[in-house]
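S.K.: Got a structure here, written out as structure tokens. Questions coming.
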Amino acid sequence: MPTAIIALVIVAADQVSKWAMIGILSAQPGERIEIIEGFFALHLIHNPGAAFGILPRFNHLFVIFSILTVAVLLIFFKTLFAAGRLSRVAAGLILGGAIGNLIDRLRFKQVVDFLDFQFGSYHWPAFNIADSAICVGVALLLIAVLFGKTRQPRLQSKSGGETF
């Protein structure tokens, strides 16, 4: 699947899900809808900061960072296109996630989060589809870089020994 299509699917899924959650959960501010009791709920959170709500007063920096991320991915698009399939999928996920959250920052000056997981007393901060896509994309990119076919095979001499 081409990088651009993956990015578009992520942006669409992210924005549609946020629109739906705003419609469903805005009627009852602070309401938490338990889907799987004690594990997963829908809870509308408006996050003005970065991941986990850190640096809430720096929205303008996150807008700039998001634009730079999108620009860098677009600049290196030809290189990513020539890279392996895993790198292209990773780039599509990261690009789609960055654009999805950038749309929120430009529209609302904050990011809409609603996926809320907990396990026992441990509670993970709420997140959204764009955040998930970025995390999965970065993980796939690391895998592609660390284990991809980018390494050059060692040359062997006629005697069977390795040469450098």
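Laboratory data are not the source of any read-out in this text; all were calculated from the coordinates shown. These numbers were taken from a predicted model, which means no experiment stands behind them. A quick note on method: Cβ atoms are made from the backbone with ideal geometry, for glycine too, and the neighbour counts reach across all protein chains shown.
S.K.: Going by C-beta contacts inside 10 Å, put LEU95, LEU106 in order with the fewest on the left. All intermediate terms of the calculation are to be shown ahead of the outcome.
M.R.: Details: LEU95 27, LEU106 12.
Result, fewest neighbours first: LEU106, LEU95.
S.K.: Let me ask another. Computed FRET efficiency, Cβ-Cβ of ALA4 and CYS135, R0 25 Å: what is it to the nearest 0.05?
M.R.: Details: r = 20 Å, r/R0 = 0.82.
Step by step, r from the Cβ atoms, then E = 0.75.
S.K.: Using 7 Å Cα-to-Cβ label points, what is the VAL145/PHE39 separation (nm, one decimal)?
M.R.: Using points 7 Å along Cα→Cβ, the separation is 3.4 nm.
S.K.: What number comes out for the charge environment of PHE114, summing +1 per Lys or Arg and -1 per Asp or Glu over other residues with Cβ under 13 Å away? Kindly include the intermediate steps, with their values, before the conclusion.
M.R.: Details: positive: LYS18, ARG32; negative: ASP14, GLU31, ASP104, ASP113, ASP116, ASP131.
The answer is -4.
S.K.: Turning to a different aspect of this structure: Over region 95-141, what is the relative contact order in percent, taking alpha-carbon pairs closer than 8 angstrom and at least six residues apart? Numbers along the way, then the final one.
M.R.: Working: 40 pairs, mean separation 19.3, N = 47.
Reported as a whole number, the value is 41 percent.
S.K.: Using 0.36 nm per residue, how much length does the chain from ILE67 to PHE108 gain when fully extended, once their Cα-Cα distance is taken away?
M.R.: Stretched out fully, the ILE67 to PHE108 stretch lengthens by 13.2 nm.
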